[in-house]
Structures are given as structure tokens and as C-alpha cells.
Amino acid sequence: MPDLYPLARRLLFAMDAESAHHVTLSLMRTADHLGILHALTGTAHASDPTDSSLELMGLRFPNRVGLAAGLDKTGSAVHAFGELGFGHVEIGTITPRPQPGNEKPRLFRLKEHEAIINRMGFNNPGVAGMLENLSHSRRNFRGILGINIGKNFDTPNDEAICDYLLCFEGVYAAADYVTANLSSPNTKGLRDLQNAGTCGELIRQLQAKRSELQTAQGGKYVPIVIKIAPDLSDEAVVALAGVFNETGIDGVITTNTTIARDAVAGHALAGEAGGLSGAPLTTKSTGVLRLLRQEMNDAIPIIGSGGVMSADDARAKFDAGAALVQVYTGLVYKGPKLVTEIAGMKTAES
Ligand SMILES: Cc1cc2nc3c(=O)[nH]c(=O)nc-3n(C[C@H](O)[C@H](O)[C@H](O)COP(=O)(O)O)c2cc1C
């Protein structure tokens, strides 16, 4: 089956980036409902356990590649992404209340760099809206579902933990794991929550809430994952590793997008505010992953996100100590073939 993505990409790239995003998701959902998405994209079999399936955080991941948060912010295409071959799908970021996000335009392609700058600002339907979407979109998705949570833009930082607790409680029954996103650059003050003291407090309060929910929900244990930024100093990463070791967090995602622009300096869109993702982020993000891996207990898995544009990039993340990888910008530039390539990769352990 020929790879149709280069043609699809040409058509999609003729539209502005946010319209292309909505058109793609809508076409994917329709094709999925007609039962032809899988055949159209020519991807490997959806979410079926493979040779590379692995047990992590008490969950069985069918393969090592997942969809990074922010592509399915509303939780409305979970099964469809499973059909593209993702072993796990992370939806969100979700906030307690719905919010529209920042003004448009807020999403930019830097084609020459295979990169994106976004300042979406957590546009999302809120916990209740996302759960409603999920009731239609999950269907028989057999991969792992992560739900990524954050705070509303108008919640002050000294009340931020309440927002995370509200989201956590709201999504607990639906989630296989929950990611607390402390690293979006597009919500004022959010990254300050990565300060070791605040982060430790957030984790402890989430863990206490989990003990209650676990008892109330028939013993269901939902792993808690923290997603960090690539722009942290080495000292800050080491301090966070101490917090993760002490609290016994279940997992960490390295990393979110970067606010640095050195890798795209001179590009006409380099001055747009927001987070940069894709190829210019690969090395920086893998560097944070490597340092965290050195500093953190081996038992805590790391999910590598940031500039996975090829199977080689995924390999570099695994070599630096990632147990899984996630993809966003790579899917936009390379198409679903990238998922199949990574899902089928042999690793040292498999
Ligand atoms: C348009 C866009 C929106 C994003 N929204 C979120 C989000 O809501 N929550 C989050 O944790 N990460 C979000 N991200 C970050 C991605 O999940 C990912 O960590 C980052 O883009 C690096 O991976 P990549 O280079 O494969 O894109 C977003 C990224 C992009 C490009």
C-alpha cells in the first residue's frame, strides 16, 4: 500500500495550521467510524499486544509509542488514534472548567525546521465535557489511556493544587494513568509549579487523594506521572529527581515544548510566543531525559517526548533511558508511518 501521507500533508499544509488540525481530526473520526481508517493509513495493527509490549507502572503497554498530549485535547478521537497504531494515547490537557484558550492565530508551522510553535493555552472542554466525549470516542480502544490535567488560566498559583485535585478526582475512573502537566509555557505561572517544594506538595496531595479514591473505587490504582519542561537548569532537574525519588512518583515525562529559540534563530516565525516542538527540540529534550535518568531511581520510568521525528530519534531516547516515547510534531510532518516504525522497533530488552 503506497504511503498516502505526503499527498495528504500537501493538502493540509495549504491550510492554516489550526484549521488543518480540525480537518484532520474530523476526517480521522469519520474514517474510523466507517471502519476504513486502518486500511487508509496502512498502519500496523491497532493497539494489539506485540512482541514489544511491556509492563510499566502496573499497566500493560501494547508497544512503546504513544500520542503526546495536546493533539486530542478534547478526548474525542481516542479509538481513531489507536487505529494509527499508538499503544497509548494521552488526551488533554484538561482543566476543571472549560476554557477557550488564547486568541488565534496561536499555532504556527516552521516547515524548514520540521517544527511547530504553539500558544494554544489549554483550550479544552473541561473535565465533564471531556468525559462526555470519551464515552463516544473510546469504543473498544485496547491501548492505555492517559489523561493529562492542568489548571484553569485564571486560577492563581496558590490555589493551583486544588485544580489538579479536582481534575484528578473527576478523571480517576476513566484513566489508566494521569499526567500532571507542570510545564506548558502558555499558562502564566504554570512552570513555577516545578519548583521542588511545590511539586513535592502537589505529588503528596495527589497521592493522598488517590488513597481515598482507590478505596472508594474498588481498589483501582491510577499511576501519577509528572510532565516537566526542557528549559529547566541542571540544578532544577537534579532537585526534581530528589522529589521524585522521595515521593515515589509513578513516572515522569521529559519533556514539554521549549521557550528557547536558538535552534530556529532567524526564521520569520521564531519571534512568535509559545512553545517550540519538533526537530529543534530533540537534543535538548533528550539531554534532560538523560540527566533525570542518572539522578532518579531506576524503578521510576521515564516517557521521552520532544522531537521524535524518526525511529532513530526514538532509539536515542530509549538509549538515554526512556521506557516509552511519545510523538506529536513528528506525526504532523511524517504521518502515521512513523508510529508503525517505532512500534515495530526491537529494543535491547525485547
Ligand atoms: C499544538 C500543541 C499543543 C500541545 N498541547 C499540550 C497540552 O495541552 N498538554 C501537554 O502536556 N503538552 C502539550 N503539547 C506538548 C506535546 O505533548 C509534546 O510534549 C511536545 O510537543 C514535544 O513533543 P513533539 O516534539 O513530538 O511535538 C502540545 C504540543 C503542541 C505542538
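Rounded to the nearest whole Å², what accessible area per residue is found for the chain with the 1.4 Å probe?
Value for the chain: 40 Å² per residue.
Work out how much length Glu103 to Glu132 would gain on full extension: take 0.36 nm times their residue separation and subtract the Cα-Cα distance, in nm to one decimal.
Working: separation 29, 0.36 × 29 = 10.44 nm, distance 2.54 nm.
Net length gain for the segment: 7.9 nm.
Normalized C-alpha radius of gyration of the stretch 227-282, against 2.2 N^0.38 Å? All intermediate terms of the calculation are to be shown ahead of the outcome.
On the way: Rg = 14.0 Å, N = 56, 2.2 N^0.38 = 10.2 Å.
Rounded to two decimals, the normalised Rg is 1.38.
May I ask you to evaluate 6.51 cos²θ - 1.76 cosθ + 1.60, the Karplus curve with θ = phi - 60°, for each residue of the stretch 7-21 and list the ³J(HN,Hα) values in order in whole Hz, giving x for glycine and proline?
My calculation for the stretch 7-21 gives 5, 4, 4, 4, 5, 5, 6, 7, 9, 5, 4, 6, 5, 4, 4 Hz in order.
Take the Cβ-Cβ distance between Asp319 and Asn297 as r, set R0 to 22 Å, and report the resulting FRET efficiency rounded to the nearest 0.05. Please report the intermediate quantities before stating the final value.
Details: r = 19 Å, r/R0 = 0.87.
It comes to 0.70.
Please work out how much length the chain gains when fully extended from Ala260 to Arg139, using 0.36 nm per residue of separation minus the C-alpha to C-alpha distance, in nm with one decimal.
My answer for the length gained is 39.6 nm.
In whole percent, and with a 1.4 Å probe on the protein chains, what portion of the accessible area of the chain is carbon and sulfur?
Values: 7580 of 13980 Å².
Carbon with sulfur: 54 percent of the solvent-accessible area.
Please report the antiparallel percentage of the DSSP beta bridges confined to the chain, to the nearest 5.
Numbers: 13 of 42 bridges.
Given both bridge residues lie in the chain, the antiparallel proportion sits at roughly 30 percent.
Roughly how many debye, to the nearest 20, is the charge dipole of the chain about its Cα centre, given +1 on each Lys and Arg Cβ, -1 on each Asp and Glu Cβ, and no other charges? Don't skip to the answer; put the middle values down first.
Working: 32 positive and 37 negative charges, 135 e Å.
The dipole magnitude comes to about 640 debye.
Just to be sure I understand: if I project the alpha-carbon convex hull of the chain onto a plane and average over all orientations, what area do I get in nm²? All intermediate terms of the calculation are to be shown ahead of the outcome.
On the way: hull surface 63.7 nm².
Value for the chain: 15.9 nm².
In whole Å, what is the distance between the alpha-carbon centres of the stretch 53-92 and the stretch 126-168?
The distance from the Cα centre of the stretch 53-92 to that of the stretch 126-168 comes to 15 Å.
Is it possible to state the helix-based mean residue ellipticity at 222 nm for the chain, with each DSSP H run of 4+ residues giving -39500 (n - 2.57), the sum divided by total residues, to the nearest 500 deg cm²/dmol? What is it?
Values: 12 runs with 133 residues, N = 350.
Result for the chain: -11500 deg cm²/dmol, rounded to the nearest 500.
The values are calculated or read from the model by the stated rules, or taken from the named source; none is laboratory data. Predicted model only: the values in this text are computed from it and were never measured. Note that we place each Cβ from the backbone using ideal geometry, even for glycine, and neighbour counts take in every protein chain shown. Ligands, DNA and RNA are excluded from the accessible area calculation, which covers all protein heavy atoms including side chains. Shrake-Rupley method; radii C 1.70, N 1.55, O 1.52, S 1.80 Å.
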